[in-house]
Every structure is written in C-alpha cells, then in structure tokens.
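Since the structure comes first, as structure tokens, the remarks are kept for the end.
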Amino acid sequence: MIKNIFGVCLLALPLLGKAQVNVNVQMPPAGLLQKEMLWNLVLVNNGSDALDVTMQLNLQDAATGQVVLTATTGNLLLAKGVKMIKAGDIQPVSYTYNLPDFARSYLPMGSYVACYQVINAGARKESPIAEDCIRFNVDPLSPPVLSSPADKSVIETPYPQFTWMPPTPFDMFTSLSYDLLITEVSEGQSSSEAIQYNTPVYAKSNLSQPYEAYATSFTKLDTGKLYAWQVVATNGLNYAAKTEIWTFKIAPPSWVKQLIEQTPYIKMKRDNPEKGIAPNGILKMSYTNETTDTLVKVRVKEVSAVNKEAVVFEVKINRGENLLQKDVQKLLQAREGILYEATISNSRSEVWRMLFEVKEYKDKKTERN
C-alpha cells in the first residue's frame, strides 16, 4: 500500500511542477494588433521561490495551421505572485519570420492561434512549466468607406465614376485590392438583398486603386432605376473588410443637354461663311484641315465691334474634318442678339470663317450645361 502511494506521488510531481506557474494571455479577440501586443501576458508564480524564466511563442495561421512566426524572449525573474508582462519586460526578443509580411509592426489581416510556453531557465534541463494558447482575429481599425456617388444621390451620367477611401491603417495590408459590385435594386427589395441575390450589372475584381470608372463598353445605366453598390477589400487571397451599401439613381437627361448635343456643327468656309447658333455659349465648329497643322488658333469677336480685341484660344486638330466644341460664354461674356465671327488662320495663311449667335435655354431647374 505504501509503495502504491509513493508511486502515485512520483507521478504527480511533474503535474505539480507544471501547475507552479500559470500564464494568461491578455489580448483582444479581434481588432488591430501590433506585434508588441503579443507579449501582453499575466504570469502567476504559485510557488514560494522566485524563478528565472524565458518564454517561447509560436504564431500559426488558424486556417492553414502554418507557423508564420516564432519568438524567444530574454530572461525574466518571476517572483512569487502575479506579474503583468509587457514587451519591454522580456527584451531582447528574438523573432523568426517564416513569412516576410510578419516583419512589419502590425500583424497582417487574418485569424491566428498564438501558443506560449514558459521555460524554467534555472533548471538543469530547460522544460516548459506553463503553456497557454489563444485564438484571435486581426481586423482593420476602419473598413473601406464609400465616397461617390453619394448615398441616395441622383446623378446625370449613365457612366459614373466610383470612388472610396481605403481601410486603415494602411500598414497592416501587404497586398490590398478591391472588388466592386453594382446591381439593380428591384421593387420591394432592400439594397442588401439586391447585393446578395441579384445578378450584378457591373463587377470588377482585383482593383489596385480606390476608384473605378464605369466602362463605356458596358450597357449604360438606365434612368429612373435604383442601383446599389459595395466595395470589398481583400489582402492577397484573404477577405479584409467591406463597405456599407449605398444606392443611387440616374437622372433623366437634361432637355438643354439634349438640345446642345443635337445642335449641328457650323461649317467653317473660306468664302460665304455659314451662320448658326451657340446654345448657352457652346460653340460647335466643323473645320476641314487640308494642311499638316496639328494646332491652330481660333479667334472670336463681335462682328460690329471694330475696335474690340478678339478672344483667342488654341485647339488641337487632325488632318481632314475636325469637329471642335468650346464653351465661349465666359470667354466672350456673350449676349443674345449679338453676331459673332470665329476664324482660323492655317499655315497656308488661309482664313476659314463662320458666324454665330448665342441663344440661352433653361431647364425647369435653371441649370447651365
């Protein structure tokens, strides 16, 4: 009987030794994490004697199990009782990086398992006297934020430019890219349901910059329809964070804008110049370049104002017919009822002319195009 009790005691001695020190990791379960915060620990020495200890850390990717980082600390004198540890208390810390991304001050995005061992450095044979593991996530401090088109806005162009702000802090991302998703919102649907279930009208992946122009090769967005859009940020192949979902509509085309688009170009001639109108000061000229000129000056002046200087601006041209458009309203301070002349002198000293009057048009909302 005595032998049996003695044997049980011998078996229990290693267990008692391991229970002499407890380690408790003080780390948030999710959020932004600097590498130094891995050493926010509480050590409890339950024995009566002070211990000379070191610590070892293995950091693994929770999804793959790959060890991404290992570390060994300097020596620490652990007195009886509770001791709160910070990175400065266990220097020097020697790190080994199995992936270069982990050499930065912030841990990259992801889910990790950190396992700690407390080693009795004063023992003849160094062995763990305490162990603890914790799982945690590293998320951005701020997800990407949509910028334009503004939420619930009504925009004029059917080919809008989409912009957003990157997630922060930028230093925690090693391979940041974005996925842009635009979808139509059906009647009775919420914007989140549309993003989740509807077929996208526009989707782009692996965007390196926080902006994207709706490509003109796609079908233009329809007026009056409600569209929802969202951006998802990724770090390499891993999900990082996503924006809120915003909505917008395409406004019906402006009547004035349509009028300007449909106004014909006034043909410039060397003799018998044609006459036309410049709706809201938008001058539309058709000039045939029979020379090798690539740049010409256009002079515009009032026909009746003999002593008034002409307004001059330059335009780039190609050989053959050039359809040129210029807003001359501010340049001329143009007024209705005044006859203006526009001329181009080419390298052959030929003068091409046209005549026009300014006509003012307004939409119901008194907008200028």
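The values are calculated or read from the model by the stated rules, or taken from the named source; none is laboratory data. These numbers come from a predicted model, not from an experiment. Every residue, glycine among them, receives a Cβ derived from its backbone with ideal geometry; neighbour counts consider all protein chains shown.
Would you mind finding the one in ILE182, ILE129 that is β-branched (Val, Ile, Thr), assigned by TED's automatic domain parsing to the domain that holds THR70 and either touching a strand residue (DSSP E or B) at 6+ places or on another chain (Cβ under 6 Å) or under 14 Å from VAL231 (Cα atoms) (or both)? Give the derivation first.
Values: ILE182 fails: assigned by TED's automatic domain parsing to the domain that holds THR70.
So the residue among ILE182, ILE129 that is β-branched (Val, Ile, Thr), assigned by TED's automatic domain parsing to the domain that holds THR70 and either touching a strand residue (DSSP E or B) at 6+ places or on another chain (Cβ under 6 Å) or under 14 Å from VAL231 (Cα atoms) (or both) is ILE129.
Being surrounded by 13 or more Cβ atoms within 10 Å (Cβ to Cβ), at pLDDT 90 or above, of a type in the set (D, E, K, R) and more than 26 Å from ILE155 (Cα to Cα): is that true of ARG270 here? Lay out the reasoning, then the answer.
Working: surrounded by 13 or more Cβ atoms within 10 Å (Cβ to Cβ): no; at pLDDT 90 or above: yes; of a type in the set (D, E, K, R): yes; more than 26 Å from ILE155 (Cα to Cα): yes.
When the stated conditions are applied, ARG270 does not pass them.
For the condition among the basic types (Lys, Arg) and surrounded by fewer than 13 Cβ atoms within 10 Å (Cβ to Cβ), what is the one hit in LYS242, LYS152, LYS204? Explain how you work it out, then say what you get.
Details: LYS242 fails: surrounded by fewer than 13 Cβ atoms within 10 Å (Cβ to Cβ); LYS204 fails: surrounded by fewer than 13 Cβ atoms within 10 Å (Cβ to Cβ).
When all the criteria are applied, what remains is LYS152.
Yes/no matrix, rows are residues, columns are (1) touching a helix residue (DSSP H, G or I) at 6+ places or on another chain (Cβ under 9 Å); (2) assigned to a loop (DSSP other than H, G, I, E, B):
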| residue | (1), (2) |
| --- | --- |
| THR96 | no, no |
| SER111 | no, no |
| ALA114 | yes, no |
| VAL118 | no, no |
| ARG124 | no, yes |
| PRO140 | yes, yes |
| LEU180 | no, no |
Being crowded, with 16+ Cβ neighbours inside 10 Å and modelled with pLDDT of 95 or more: is that true of ILE250 here? no
Restricting the range 278-310 to residues that are buried (at least 18 other Cβ atoms within 10 Å of the Cβ) and β-branched (Val, Ile, Thr), the residue that is farthest from GLN258 (Cα to Cα): VAL296
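Could you list all residues from the range 266-294 that are in a loop (DSSP other than H, G, I, E, B) and more than 18 Å from ASN322 (Cβ to Cβ)? Working first, answer last.
Looking only at the range 266-294, we keep the residues that are in a loop (DSSP other than H, G, I, E, B), and these are 268, 270-274, 280-281, 290-294.
Result: ASP271, ASN272, ASN280, GLY281.
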Output the qualifying pairs, or none if there are none: Cβ atoms under 7 angstrom, residues six or more apart or on different chains, first residue in the range 132-146 and over 14 Å from ASN58 (Cα atoms), second residue among the charged types (D, E, K, R). PRO143/LYS242; LEU146/GLU244
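Matching residues to (1) closer than 23 Å to PRO264 by Cβ; (2) outside any loop (DSSP other than H, G, I, E, B); (3) polar (S, T, N, Q):
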position: ASN318; (1), (2), (3): yes, no, yes
position: GLU321; (1), (2), (3): yes, yes, no
position: LYS326; (1), (2), (3): yes, yes, no
position: GLU336; (1), (2), (3): yes, no, no
position: ILE344; (1), (2), (3): yes, yes, no
position: SER347; (1), (2), (3): no, no, yes
position: PHE356; (1), (2), (3): yes, yes, no
Which one of the conditions (1) over 19 Å from ARG135 (Cα atoms); (2) in contact with a strand residue (DSSP E or B) (Cβ under 8 Å, 6 or more places away or on another chain); (3) in a loop (DSSP other than H, G, I, E, B) does PRO92 fail to meet, given that it meets all the rest? (2)
Members of the range 122-133 found to be surrounded by fewer than 16 Cβ atoms within 10 Å (Cβ to Cβ), at pLDDT 85 or above and hydrophobic (A, V, I, L, M, F, W, C), listed by number: CYS133
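Being of a type in the set (Asp, Glu), surrounded by fewer than 20 Cβ atoms within 10 Å (Cβ to Cβ) and touching a Phe, Trp or Tyr at 6+ places or on another chain (Cβ under 9 Å): is that true of GLU193 here? Please lay out each step first, then the result.
Numbers: of a type in the set (Asp, Glu): yes; surrounded by fewer than 20 Cβ atoms within 10 Å (Cβ to Cβ): yes; touching a Phe, Trp or Tyr at 6+ places or on another chain (Cβ under 9 Å): no.
So GLU193 does not fit the description; no.
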Only listed residue being in contact (Cβ under 8 Å) with a residue 24 or more places away in the chain and among the small types (Gly, Ala, Ser), chosen from GLY74, GLY81: GLY81
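For residues that are of a type outside the set (Asp, Glu) and part of a loop (DSSP other than H, G, I, E, B), scanning just the range 358-369, find the one that is surrounded by the most Cβ atoms within 10 Å (Cβ to Cβ).
This residue is ASN369.
Would you point out which residue out of PHE102, PHE136 is within 30 Å of ASP179 (Cβ to Cβ), aromatic (Phe, Trp, Tyr) and not in a strand (DSSP E or B)? Walk me through how you get there before you give the answer.
Values: PHE136 fails: not in a strand (DSSP E or B).
Step by step, each of PHE102, PHE136 is checked, and only PHE102 is within 30 Å of ASP179 (Cβ to Cβ), aromatic (Phe, Trp, Tyr) and not in a strand (DSSP E or B).
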Tell me, please, whether a residue that is surrounded by 14 or more Cβ atoms within 10 Å (Cβ to Cβ), over 16 Å from ALA228 (Cβ atoms), among the charged types (D, E, K, R) and in contact (Cβ under 8 Å) with a residue 60 or more places away in the chain can be found in the range 161-171. no
Is at least one residue of the range 215-225 in contact (Cβ under 8 Å) with a residue 12 or more places away in the chain, part of a loop (DSSP other than H, G, I, E, B), under 18 Å from THR163 (Cα atoms) and among the aromatic types (Phe, Trp, Tyr)? no
Determine the pairs where a residue that is on the phi > 0 side of the Ramachandran plot, located within the range 324-353, has a partner that is loosely packed, with under 14 Cβ neighbours inside 10 Å and not small (Gly, Ala, Ser) with Cβ atoms under 6 Å apart, the partner being 6 or more residues away or on another chain. none
Could you please tell me which pairs satisfy a Cβ distance under 6 Å, a separation of 6+ or placement on different chains, a first residue in the range 244-265 that is part of a loop (DSSP other than H, G, I, E, B), and a second residue that is crowded, with 19+ Cβ neighbours inside 10 Å and of a type in the set (Gly, Ala, Ser)? ILE245/SER191; ILE245/ALA228
